[in-house]
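One structure below.
The values are calculated or read from the model by the stated rules, or taken from the named source; none is laboratory data. If you're wondering where the values come from, they're calculated on a predicted model, not measured in any experiment. Reconstructed Cβ throughout: ideal geometry from the backbone, glycine too, with neighbour counts over all protein chains shown.
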Amino acid sequence: MTFLRIIVFSVVMMLFFQGFSHMLPQVEPDTSPPVEVSTDGLDMAGMIALGEELFSGKGTCTLCHNGMGRAPDTLEMDLSAIFFSRLGDARYTGVAAGKDGAKAVEGYLRESMQDPSVFVVAGFGKKGSNDTVSPMPVVDAAPIELSPVEMNAVIAFLQDRAAFEPTVPLPSADDVPVAGDAPAVDAALTDPVDIIDEYGCAACHDLNESGADIGPLLGGIGNRMSRALVMEAIIDPNAVIADGFDADFMPDDFGETMQLSELIVLSTYLMELPEAAPVAAGDDEGPASTAIEVIDAYGCGGCHDLEGSEGDLGPNLGGIGARMDRAQIKAAIIDPEAEIADGFEGGMMPDDFGDGMAESELILIVDYLMNLPE
Ligand code: HEC
Ligand code: HEC
Ligand code: HEC
């Protein structure tokens, strides 16, 4: 089974990088010239504003520093009290240990960003490291790569939040201009279907009716996982591996490529996805691809005379296209109790096809019935 998955996976990956690569623009090298913003002449208020933008944008800080418990919820905390206690913490031996005031806080912040393991906030260390190794990336190195001016801007922003007068130097004409936030220049997508398209989720998960089964079915995920866990599964897929699946299949860079607002829209959408189709015939082959398979899978022939089954518990469906239109046939399948066929009783035809059937299957069976001869 695993072997099969690997083959399927390789095929999917080939498709990714050939045909579908246009669906994943962020995978292609960005050839457009970076938007450059000169910071020459920026005053401290401008630096603070730039820092705020970097914190949720290019810096990706809010992917971890939020209310989900991956990292301290920095923007919600009383930072002046926090910094005061960090600098006086017995475990802290870094550049600002034992000092206080705005300059010491600048030192602590710069060090936190360049060398996160110098002091690991209790409870947030890498698993098994006993709070000696920080999971936080070095933010002035790849892939986040904040420039010196950008580092200063983020520090100014956090100092300001802690009610300190920022102590960082203002940028000069010699500083490299701040490179425009390339991925963020694209307006964030707001429709979950577009987001799924953009990031290629449907190549592995049965989303946007793709029928893919390399990754787990996500229908009904809201019943078994919290929103925070769903978000984590997207940005840090190897933190928890879904039962029956292997690690390292799902791309682990959505945390960098996806915009936070997109992650929120996407996770909301996934939380509300209805329970997946009880897969017909007990296999995991995904939705049927012909009308005959649909009939077999859902047992329509047991009650209707279809494909020579001679079922007679339900009406004969021959020529139904002449007396009902598509919408009516569809309604008769997904909501059989709404209209009861003449001469038959309600409560007999299963009323859960609307939940169980994939939209693609419904289209197949309606097409088939529309064309079924008398
Ligand atoms: C991949 C997740 C992640 C990202 C991205 C991240 N951090 Fe962190 N950060 C953490 C974790 C976890 C901690 C707590 C462990 C530690 O102290 O190193 C932390 C700690 C910190 C601290 C010390 C907080 C305190 O309460 O003393 C600062 C300051 C900080 N991060 C700033 C930033 C900034 C600024 C960015 C963006 C440029 C950023 N982080 C991006 C995970 C992250
Ligand atoms: C290349 C294949 C692939 C792509 C692309 C992919 N995933 Fe996954 N995904 C997997 C696999 C395999 C797993 C199961 C292993 C694991 O938990 O990491 C998984 C697990 C998940 C889970 C956790 C499910 C559970 O039951 O625990 C969620 C949620 C998820 N993916 C959402 C997404 C979203 C949203 C996208 C697009 C942004 C996406 N995936 C893109 C393969 C993929
Ligand atoms: C357990 C028996 C049973 C099964 C299984 C069943 N049906 Fe029915 N079906 C009925 C009965 C009884 C009626 C008539 C009562 C009603 O309209 O609800 C009916 C009515 C219909 C109608 C409306 C016919 C009309 O003339 O108004 C359609 C269309 C239909 N079924 C299609 C299907 C399809 C497609 C399937 C398989 C996906 C299916 N049925 C499975 C028993 C069944």
Take the stretch 88-103 and flag every residue that is out of contact with any Gly (no Cβ under 7 Å at 6 or more places or on another chain) and aliphatic (A, V, I, L, M).
90, 97, 102
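Conditions tested, residue by residue: (1) within 16 Å of ligand 3 (Cβ to nearest atom); (2) outside any helix (DSSP H, G or I); (3) touching a Leu at 6+ places or on another chain (Cβ under 8 Å).
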| site | (1), (2), (3) |
| --- | --- |
| 198 | no, no, yes |
| 205 | no, yes, yes |
| 209 | no, yes, no |
| 217 | no, yes, no |
| 223 | no, no, no |
| 228 | no, no, no |
| 234 | no, no, yes |
| 245 | no, yes, no |
| 248 | no, yes, no |
Across the stretch 212-235, what is the total count of residues that are free of Cβ contacts under 8 Å to residues at least 60 places away in the same chain, more than 9 Å from ligand 2 (Cβ to nearest atom) and not basic (Lys, Arg)?
5
Residues that are surrounded by 20 or more Cβ atoms within 10 Å (Cβ to Cβ) and among the β-branched types (Val, Ile, Thr), drawn from the stretch 334-365:
365
Hey, residue 365 in contact (Cβ under 8 Å) with a residue 60 or more places away in the chain, in contact with an Asp or Glu (Cβ under 8 Å, 6 or more places away or on another chain), assigned to a helix (DSSP H, G or I) and near ligand 3 (Cβ under 10 Å from one of its atoms) or not:
no
Can you pull out the helices (runs of 4 or more DSSP H) entirely within the stretch 32-141 that have at least 2 residues that are at pLDDT below 90?
44-56, 61-64
Taking interchain pairs and intrachain pairs at least six residues apart, which have beta carbon atoms under 9 angstrom, with the first residue in the stretch 190-210 and assigned by TED's automatic domain parsing to the domain that holds residue 234 and the second of a type outside the set (Lys, Arg) and within 16 Å of ligand 3 (Cβ to nearest atom)?
206/277; 206/287; 206/358; 209/287; 209/358; 209/359; 209/360
Quick check: is even one residue across the stretch 293-306 β-branched (Val, Ile, Thr) and assigned by TED's automatic domain parsing to the domain that holds residue 355?
yes
Tell me the residue from 293, 285 that is more than 12 Å from ligand 3 (Cβ to nearest atom), modelled with pLDDT under 90 and of a type outside the set (Gly, Ala, Ser), please.
285
Which of the residues spanning the stretch 89-138 are polar (S, T, N, Q) and either surrounded by 13 or more Cβ atoms within 10 Å (Cβ to Cβ) or within 16 Å of ligand 2 (Cβ to nearest atom) (or both)?
112, 114, 117, 134
